[in-house]
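Participant: First, the structure itself, so that you have it in front of you.
Please treat every number below as a calculation from the coordinates, not as lab data. All figures in this text were calculated on a predicted structure; none of them were measured in a lab. Don't worry about glycine lacking a Cβ; one is built from the backbone with ideal geometry, like all the others, and counts go over all protein chains shown.
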Amino acid sequence: MKKTFFLAVILILVSSMGNSADMKGKIGAGFNYPGIQIRYGITDKILAEYKMQFASNNLTMGARGYYNLFEIPGTVTITPYVGGEFSWITSSVLTSGYLTGGFAGVELMVAKNISIGGDAGLYWVSLGSTLGTYADYGLIFNAGITYYF
């Protein structure tokens, strides 16, 4: 099953090679690990994103903002970016929770409307339960694939 899925993704990517630098007004829908996201290009440089991530005992919902630094043209356009995120964490075992932080990463436009991206950032995470509130910072990695309409 996994091999078939990855083969289909590779065939789609290769069959529609191209570049797309104009992000203003574009809407993107995609999958991240392990969730979904919707993006909107406010300008060519600034994008907003709503994302949800699923786990066995919690749900994370939040917003991210991206600032595209510059573009490295080529067969596959590479765009480094920086940004910030704020997300709420809900769970049947927690009374409250949130995470916030900044990140940096790259987006590769592997096809006219398809990108693969990944980033890493330093985040502050706060979780509350009936036993108290616990907070700490840590490094979080994100990866996903987006289709722009």
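Participant: Among the residues of the stretch 107-125, write down those that are part of a strand (DSSP E or B) and under 21 Å from Tyr40 (Cβ atoms).
Facilitator: The answer is Glu107, Leu108, Met109, Ile114, Ser115, Ile116, Gly117, Gly118, Asp119, Gly121.
Participant: Looking at Thr90, Thr75, Thr79, which one is closer than 23 Å to Gly30 by Cβ, buried (at least 17 other Cβ atoms within 10 Å of the Cβ) and either of a type outside the set (A, V, I, L, M, F, W, C) or within 17 Å of the chain's Cα centre (by Cα) (or both)?
Facilitator: Thr79
Participant: Quick check: anything in the stretch 126-135 in contact with a Ser or Thr (Cβ under 9 Å, 6 or more places away or on another chain) and outside any strand (DSSP E or B)?
Facilitator: yes
Participant: Give the residues of the stretch 85-106 that are among the small types (Gly, Ala, Ser) and part of a strand (DSSP E or B), sorted by residue number.
Facilitator: Of everything in the stretch 85-106, those that are among the small types (Gly, Ala, Ser) and part of a strand (DSSP E or B) turn out to be Ser87, Ser91, Ser96, Gly97, Gly101, Gly102, Ala104, Gly105.
Matching residues to (1) among the hydroxyl-bearing types (Ser, Thr, Tyr); (2) out of contact with any His (no Cβ under 6 Å at 6 or more places or on another chain); (3) closer than 18 Å to Tyr147 by Cα:
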residue: Gly30; (1), (2), (3): no, yes, yes
residue: Thr43; (1), (2), (3): yes, yes, yes
residue: Lys51; (1), (2), (3): no, yes, yes
residue: Met61; (1), (2), (3): no, yes, no
residue: Gly65; (1), (2), (3): no, yes, yes
residue: Glu85; (1), (2), (3): no, yes, no
residue: Gly97; (1), (2), (3): no, yes, no
residue: Gly117; (1), (2), (3): no, yes, yes
